[in-house]
Ligand code: SER
């Protein structure tokens, strides 16, 4: 891997993946591509960057040839709640963007990372210990684009030998960039609210158990998967990866250990609750553990402690 393009570089994952890749592979070798959201100074100063709409195949190929890209982390996509508000746009961005990236990867021999999600599962999937290979009939447009993306990436691998690999990310928790338009966003908002106001109104109801992961584990998982020995990979798109699974009240109690007067109330958003109710509670990630030695480092207690330390300046 020599020259890497990261799309969606200003998003929740991209804003942490780009600095990590620049540290590992050299700043000049990681091109940060953004579209709607302006980058911060750190991203602009840290290495090459460009504006790119992944739906524009001509622009995609121009960037890939100009920078002699040989690896793509294609992160640009709409999240679940935003996608449900505009399904046509979600299909356009999530699918046509991916297709253009896969085509460019085929023509110019690039490897490609594709972030799938717990959203690739649906209500007919076993919710506990969700197997690596199981029923995938999601009921959201976001999930439909993720399953289609998984299949398309595997197709490009089998048919055209494109080295496409992916992860089914849980809800991701981070302190650097706030996620936009996701169903699991409550698990990030709650930390900001706890640090600033010591109170939070949760949009998912009590007992809504979902897989979650702290961003450093997610970044490491993506990089480790892309570096894994291909001979060991029985699966490709996409691996279940898990780190912790909790409900809003369990997260609340974990935060309350550090902020004893923190309070939480509930104001359920039916749209996002319906999405969450269709997703698994806890994925079985044994295939990732066996095939490329995946291990999470952060559990709920360790993640909560670090999140509150990092956000302590808000108090
Ligand atoms: N975090 C994402 C969302 O809530 C799921 O992949 O949409």
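Reported count of residues in the range 131-152, each being touching a helix residue (DSSP H, G or I) at 6+ places or on another chain (Cβ under 7 Å), within 16 Å of the ligand (Cβ to nearest atom) and either in a helix (DSSP H, G or I) or within 17 Å of residue 283 (Cα to Cα) (or both), is 11.
Of all residues in the range 263-284, at least one satisfies being away from the ligand (no atom under 16 Å from the Cβ) and within 19 Å of the chain's Cα centre (by Cα). Apart from one condition, residue 118 fits all of (1) closer than 27 Å to residue 297 by Cβ; (2) in contact with a helix residue (DSSP H, G or I) (Cβ under 8 Å, 6 or more places away or on another chain); (3) within 16 Å of the ligand (Cβ to nearest atom); the exception is (2). Filtering the range 92-102 down to residues that are under 19 Å from residue 10 (Cα atoms) and in contact with a strand residue (DSSP E or B) (Cβ under 9 Å, 6 or more places away or on another chain), which residue is farthest from the ligand (Cβ to nearest atom)? Out of the qualifying residues, it is 101. Screening residue 289 against (1) in a helix (DSSP H, G or I); (2) over 19 Å from the mean Cα position of the chain (by Cα); (3) free of Cβ contacts under 8 Å to residues at least 40 places away in the same chain leaves a single unmet condition, (2). Taking first residues from the range 183-207 that are over 15 Å from residue 254 (Cβ atoms) and partners that are within 14 Å of the ligand (Cβ to nearest atom) and assigned to a loop (DSSP other than H, G, I, E, B), the Cβ contacts under 7 Å between residues at least 6 apart in sequence or on separate chains come to 185/179; 203/269.
Does residue 89 satisfy the condition of being out of contact with any strand residue (DSSP E or B) (no Cβ under 7 Å at 6 or more places or on another chain), modelled with pLDDT under 95 and part of a helix (DSSP H, G or I)? So residue 89 fails the test. Among the residues of the range 164-178, those that are within 13 Å of the ligand (Cβ to nearest atom) and crowded, with 22+ Cβ neighbours inside 10 Å comprise 166, 167, 168, 169, 170, 171, 172, 173, 174. Does residue 116 satisfy the condition of being under 19 Å from residue 70 (Cβ atoms) and at pLDDT 95 or above? So residue 116 fails the test. With respect to the conditions (1) away from the ligand (no atom under 13 Å from the Cβ); (2) farther than 18 Å from residue 60 by Cβ; (3) in a helix (DSSP H, G or I), residue 123 falls short on a single one, namely (3). Checking each residue in the range 179-232 for being more than 14 Å from the ligand (Cβ to nearest atom) and in a loop (DSSP other than H, G, I, E, B) picks out 198, 205, 206, 207, 209, 228, 229.
The values are calculated or read from the model by the stated rules, or taken from the named source; none is laboratory data. Since the structure is predicted, the reported quantities are computational estimates derived from the model, not experimental observations. Heads up, the Cβs are rebuilt from the backbone with ideal geometry, glycines too, and the neighbour counts pull from every protein chain shown.
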